[in-house]
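Below is one structure; the comments refer to it alone.
What follows is calculated from the coordinates using simple rules that are stated; it is not laboratory data. All values reported here derive from a predicted model rather than from experimental measurement. In this analysis, Cβ positions are derived from the backbone assuming ideal geometry, glycine residues included, and neighbour counts consider all displayed protein chains.
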Amino acid sequence: MAAAEQTGLVDRITELGERAAAGTGIEIAEVQLRGAGKARLLRVYIDKSGGVTHGDCELISERLGKMLDDGDVMPEDSYTLEVSSPGVERALSKPRDFARVVGQSIRVSLKEPIEGQTRYEGKLAGLAEEALELESASGELVRIPLNQVRKANLKFEW
């Protein structure tokens with residue numbers, strides 16, 4: 001499958017996932033489509049304030065699976081649908097991902113250095129004007145434009 005076609009399919013599945021989650025308080029965090037033929041895997045990560053339960057995964061799996069099958073969305077008949085939580089050290093990429101974790105610790109890797117550093121770790125103090133405001137361990141506030149973020153993850157703390 002061509003990359004553009006795959007991107008379009010992932011966008012369509014994301015849209016259906018959001019419809020399946022409507023009214024539940026569950027958010028579609030990410031959709032991944034891997035493999036081909038009988039090895040095709042559709043992985044959908046969901047999130048919810050207060051955490052994701054097994055019941056949440058089951059609900060979205062049932063609703064989305066029915067929509068995919070009824071609409072004949074998958075170009076090949078065989079696929080495995082897997083719905084789960086993004087985990088405690090989940091990837092953060094969209095503004096809504098960052099907005100959800102304000103006040104929590106994150107790790108950020110940058111495309112280009114800011115103040116001589118390409119990696120930061122600290123508490124996400126805020127999100128404003130397309131930039132993260134990160135409070136370092138020393139209490140310094142660093143402003144990181146979202147377009148400079150190469151990779152970001154929530155940092156699990158004991």
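A few points about this structure:
- For segment 1-73, the relative contact order works out to 29 percent when only alpha carbon pairs closer than 8 Å and six or more residues apart are counted.
- Formal net charge of residues neighbouring Val52 (Cβ-Cβ distance under 12 Å; K, R +1; D, E -1): -2
- When both segment 88-108 and segment 4-83 are represented by their alpha-carbon centers, they are found 21 Å apart.
- Helix 54-70 vs. the chain, principal-axis angle (Cα, 0 to 90°, nearest 10): 50
- Here the contact order of the chain, divided by its residue count and restricted to Cα pairs under 8 Å and six or more residues apart, works out to 18 percent.
- DSSP beta bridges in segment 3-84 [antiparallel fraction, %, rounded to 5]: 60
- Positive contributions from Lys and Arg (+1) and negative ones from Asp and Glu (-1), summed over other residues with Cβ under 10 Å from the Cβ of Gln104, come out at +2.
- Using the Cβ of Glu133 as centre and a radius below 13 Å, the other residues enclosed give a net charge of -2, where K and R count +1 and D and E count -1.
- Helix 3-21 vs. the chain, principal-axis angle (Cα, 0 to 90°, nearest 10): 90
- Label selected from (1) 15.7, 48; (2) 17.8, 55; (3) 18.2, 50, the criterion being Rg and Dmax of the Cα atoms in Å as computed here: (2)
- Tail weight of P(r) past 21 Å, computed on alpha-carbon pairs of segment 3-84, percent: 22
- Spatially near lysine pairs across the chain, Cα under 23 Å, sequence gap of 8 or more or different chains: 15
- Highest-fluctuation residue, Gly23, Gly139, Gly116 considered, GNM on the chain with Cα pairs under 10 Å: Gly116
- Once C-alpha pairs closer than 8 Å and six or more residues apart are averaged by separation and normalised to the residue number of segment 49-139, the relative contact order reads 18 percent.
- Of Glu27, Glu129, Glu82, the one that fluctuates the most in a GNM where the chain has Cα springs shorter than 10 Å: Glu129
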